[in-house]
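A short worksheet on the structure shown next.
The values are calculated or read from the model by the stated rules, or taken from the named source; none is laboratory data. All values reported here derive from a predicted model rather than from experimental measurement. A quick note on method: Cβ atoms are made from the backbone with ideal geometry, for glycine too, and the neighbour counts reach across all protein chains shown.
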Amino acid sequence: MKKLPILLFLVAATLNSFAESKIASIEELISSLNSVQRYDASAQYIVLLPSSTDEIIYDVNLQSAASHNDTLSDCEYLISWSLPSPSGRTEGFSAYNNGSHYRYRNQRLLEYHFQWDSIPFKTSDGGVQRNAQFVELLPQSLAKKIKRITNSDDFEFSFEPEAIVEGRNMCRLVATEKVRGYTVCEAVYIFDPISVAPVRIRLLNNPSEISEQEVTVEFNQPTQEPIDRFTEEQLIALYPDIFERFRTNNFRVESLVGTPLPTFSLPTLSGERYTHNQNDKLASGVIIAMLDPAVASTPSVIGSLRKSVAELPYAIEIVWTFNSNNRDEIERLIEKELADETTIHNAQSLARDIGVNSYPTFIFVNSDGIISGVHIGANKNLSELVIEKTALMQQINN
């Protein structure tokens, strides 16, 4: 794979309550990241896939403030980003404050409020507020990740508090994650030894596999004026047009019925990637089964859906789509892929983008790539549901 040219930036991010002396241990690094009171920085988030020679480059602006009494998140934040596209730059943002979470991308504003519905904030992967795009770049998120690296048997790591990186003294953490003896990620984290500000992150996911993905994050000074409050009123003042045009207060995956299945590209258990581009035609109707291994009904759902599809008089593809990267658990649940089945893992980004908050969720897509139906939750009459929804697919196709 092509290696990315990397320059070491002198980070001029605005930092409050980082370390006052050089970090001597990884425990001090974690503690210092957790103690951040205010954080303002920008970053270039660069993705390189083996199927493309072109880099995907996000420009990201990060703002956060510690939230000491909030049990749902260690910080409140506003993360804005932009990405080049054929029609110009695509822009979006994510924000969290005191039990309210907002996400905007692709002309969709997703809005969550704990007092209205607590379930999206309490999912097994940490909730919508902890899994928004680029939240993993905030100091408290980095602290959690590094603590997991140090505590999990899945990781081998080394920490150098006084590494020389391009002629400068830096803290360097090198980690390798392995599952069943296979390397699934190689990571390098670079921090300033005095401020403990993140300088660079490099991730190599699924190295030497077809699905290999390289991510490089370069941190720099903030590019936007910092806000003093992360409230809804502040967001509306920053993005008045978005809130006026796209606010519905209840965006969920059900809202996508009648629209094209959005673009996504995710890893499969076979090591390849399952890629769908918006407006692509499909060989047959597809049921995307969004699943969480931690949900008790998942094994029975898999068996019932397979039985229901086998009884249909026409071909339907099942795409098992898990919000987990635990391949062992997923393989235990799937056992063996049948004909016209594909198993996707690590699909949190897809769930986020299409508004899936509960599991299981079934998305029915016709051969024109249009979402024809959605069903949320396990159902004792799953066979009848599948017959009804797939029959509607066929009617629309005809």
Condition met for Val309 (crowded, with 17+ Cβ neighbours inside 10 Å, under 25 Å from the mean Cα position of the chain (by Cα) and in contact (Cβ under 8 Å) with a residue 12 or more places away in the chain): no
May I ask you to list the residues in the stretch 179-194 that are in a strand (DSSP E or B) and of a type outside the set (D, E, K, R)? Val179, Tyr182, Thr183, Val184, Cys185, Ala187, Val188, Tyr189, Ile190, Phe191
Taking the stretch 132-178 as the region of interest, how many residues are under 22 Å from the mean Cα position of the chain (by Cα), closer than 19 Å to Phe219 by Cα and of a type in the set (Asp, Glu)? 1
Just a yes or no: is a residue in the stretch 321-328 of a type outside the set (A, V, I, L, M, F, W, C), loosely packed, with under 14 Cβ neighbours inside 10 Å and modelled with pLDDT of 90 or more? yes
Which number in (1) at pLDDT 90 or above; (2) over 19 Å from the mean Cα position of the chain (by Cα) marks the one condition that Val217 misses? (2)
Within the stretch 312-325, residues being touching a residue at least 40 places away in the same chain (Cβ under 8 Å) and under 24 Å from the mean Cα position of the chain (by Cα) number 5
Members of the stretch 55-68 found to be under 19 Å from the mean Cα position of the chain (by Cα) and either closer than 18 Å to Asn34 by Cα or surrounded by fewer than 19 Cβ atoms within 10 Å (Cβ to Cβ) (or both), listed by number: Glu55, Ile56, Ile57, Tyr58, Asp59, Leu62, Gln63, Ser64
Considering only residues that are modelled with pLDDT under 90 and of a type in the set (Val, Ile, Thr), look in the stretch 220-253 and name the one that is nearest to Phe364 (Cα to Cα). Val253
Could you say which residue among Asn151, Asn106 is at positive phi and of a type outside the set (Val, Ile, Thr)? Asn106
If you take the residues of the stretch 177-199 that are closer than 21 Å to Leu33 by Cα and in contact with a Phe, Trp or Tyr (Cβ under 7 Å, 6 or more places away or on another chain), which of them is surrounded by the fewest Cβ atoms within 10 Å (Cβ to Cβ)? Ser195
Need pairs with beta-carbon distance below 9 Å; first residue exposed (fewer than 13 other Cβ atoms within 10 Å of the Cβ) and within the stretch 264-288, second in a strand (DSSP E or B) and of a type in the set (D, E, K, R); sequence gap 6+ or separate chains. Ala283/Glu317
Exactly one of Arg229, Arg245 is surrounded by fewer than 19 Cβ atoms within 10 Å (Cβ to Cβ) and closer than 23 Å to Asn61 by Cα, and that one is Arg229
Which condition number in (1) modelled with pLDDT under 85; (2) in contact with a Leu (Cβ under 8 Å, 6 or more places away or on another chain) is the one that Pro299 fails? (1)
Entirely in the stretch 288-398, the strands (runs of 3 or more DSSP E) that have 2 or more residues that are in contact with a helix residue (DSSP H, G or I) (Cβ under 7 Å, 6 or more places away or on another chain) and acidic (Asp, Glu): none
Which condition from (1) surrounded by fewer than 16 Cβ atoms within 10 Å (Cβ to Cβ); (2) in a strand (DSSP E or B) is the one that Thr71 breaks? (2)
Options Lys389, Lys336: the member that is buried (at least 18 other Cβ atoms within 10 Å of the Cβ) and of a type in the set (Lys, Arg): Lys389
Scanning the stretch 204-247 for residues that are in a helix (DSSP H, G or I) and either touching a helix residue (DSSP H, G or I) at 6+ places or on another chain (Cβ under 6 Å) or among the small types (Gly, Ala, Ser) (or both) gives Ile236, Ala237, Phe243
Residue under question is Ile6, and the condition is that it be β-branched (Val, Ile, Thr), touching a Leu at 6+ places or on another chain (Cβ under 8 Å), modelled with pLDDT under 95 and over 21 Å from Gln224 (Cα atoms); does it hold? no
